[in-house]
Amino acid sequence: MRPLYYYQTSVVCIIPLLFCNIFPLAAADSNSNSNSNSNKSQSKRGLAYQNGAHKADNRLLLSPESPVAWYYTWSLWPAPEAANDTAAVEFLPLVHSTDDVANDDFGKQLDGLPASSTHLLTFNEPDGDTGSGGSAIEPEDAAKSYIDRIAPLRSSGNDGRTWNISHPSVTGSPRGLDWLRRFNESCWDLDREKGCPADFVAVHWYGEFEGLKGWLDTLHDFYGHTPSSSSEREKSPKFWITEMALPQQDDEATLRMMNQTLPYLDGLDYVGGYAWFGAFRKGEKANGWTGDAVSLFDDEGGLTELGSLYLSSGHGGNGNGDGNGNGNGQDGSGGFEPGKKGPPGDDDDEGGAASMYSASRWFAVVVGLVAAGLVAW
């Protein structure tokens, strides 16, 4: 007796063609997801998750075909609608402030996250004020909290799991660099043997591509990325750019900056990941200070040209950059052409159409199974 998927492919498609068009074949889906997951494992691209207001947008960003391999929410909590659909997409929890680690449930919260979560972000823009999304932490206080509550997670959590932890993500400015210096000094004052050990460094940048290169070079020097051997290079913490964008510029300039940036970051072996700040729609409050040009979606939920480039197959860990931002550019949208929208779902504004679609799929499943049973009988 042949396996059931055989009957799904050979029997369902002899019923009216309508059902063939709306019933995704299990075997084909499995192969597609396998290939997509393989692509994700090679991708550096991530998602700075804004909110769940537009679920269709998030489904597109986190779909199996998308190159987005990781995401974070500026908190310890994963996105609700992503919990059941993103096994191949790693969630990075963020310890936003010292208040998070002071909570008695901090360890339990981390232990309750999916096993695929292995990287922990710490202290969001501690040199910035809370009104702009920063955490406003004094370097000395951050160092003590880091050593007492965060550094031990590198060796063992409550359930024996270990975490790759980041140094705080400061603003891309002289003020941020000064904060890092004071933080580092405080770390060594408190622990003269280990300081504040880290596995990677979270980085923020808003500005032109050349400025991003310069900021990475500055951090490169600060963290001593001058290894004399390959073994020393492997010990150096990698950089993860968790926020980047070109604020208050037009569409052409912003697209040019992204087209330079993606292949450049893909080609740097000391960059472990990056996320564009713009996973929202044009005209939304979230991008009030950055401007509409950084948006990955238009006001109706279709991909902008920028969004199409970010989800294209032309980048994503392939090392297309030449070290100067002169990568291959967008060599194909990979199915993410401008205007493409995320699939509707039962739990969003397009639920009516989605419910009809879902019902028709289930009807096709029932018909297919009955037909398969009759043939087998």
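In a simple Cβ point-charge model (Lys, Arg +1; Asp, Glu -1; nothing else charged), region 86-189 has a dipole of about 340 debye relative to its Cα centre. Ranking Leu76, Val101, Ser166 by how far each Cα lies toward the positive end of the dipole of region 58-192 (charges on Cβ) leaves Ser166 at the top. Counted residue by residue at 0.36 nm each, then reduced by the alpha carbon distance between them, the extension gain from Ala53 to Glu65 reaches 2.1 nm.
Between region 101-133 and region 268-288, what is the separation of their alpha carbon centroids in Å? That distance is 19 Å. Other residues within the sphere of radius under 13 Å centred on the Cβ of Tyr310, judged by their own Cβ, net out at -1 (K and R +1, D and E -1). Put simply, the amide H of Val95, placed in the peptide plane, has neighbours under 5 Å in Leu121, Thr122, Phe123, leaving out anything fewer than 5 places away on its chain. A DSSP coil position with no more than 16 other Cβ atoms inside 10 Å describes the following trypsin sites (Lys or Arg not before Pro) in region 122-167: Arg161.
Close amide H contacts of Trp205 (hydrogens built in the peptide plane, cut-off under 5 Å, sequence separation of 5 or more or a different chain): Glu243, Met244, Ala245. Every pair of different Cα atoms in region 149-201 enters the Kirkwood calculation, which places the hydrodynamic radius at 12.2 Å.
Using the Cβ-Cβ distance between Ser155 and Ala253 with R0 = 45 Å, the FRET efficiency computed as 1/(1 + (r/R0)^6) comes to roughly 0.45. For the residue pairs Lys40/Lys238; Lys40/Lys282; Lys44/Lys238; Lys213/Lys285, the C-alpha atoms sit more than 22 angstrom apart in Lys40/Lys282; Lys213/Lys285. Peptides 265-275, 63-73 ranked from most to least packed by the mean count of surrounding Cβ atoms within 10 Å: 63-73, 265-275. The stretch between Ser236 and Ala115, if pulled fully straight at 0.36 nm per residue, gains 41.1 nm over its current Cα-Cα span. The alpha carbons of region 97-213 stretch over 43, 32, 27 Å along the principal axes, in descending order. Straightening the chain between Trp289 and Leu190 buys 31.8 nm, computed as 0.36 nm per residue apart minus the Cα-Cα spacing. With all protein chains in place and ligands, DNA and RNA left out, the 1.4 Å accessible area ranks Trp188, Trp163, Trp289 as Trp289, Trp188, Trp163, largest first.
The values are calculated or read from the model by the stated rules, or taken from the named source; none is laboratory data. Quantities reported herein were computed from a predicted structural model and do not represent experimental measurements. Virtual Cβ from ideal backbone geometry, glycine too; neighbours counted across all protein chains shown. Just the protein is used for accessible areas: all its heavy atoms, side chains included, with ligands, DNA and RNA removed. Shrake-Rupley method; radii C 1.70, N 1.55, O 1.52, S 1.80 Å.
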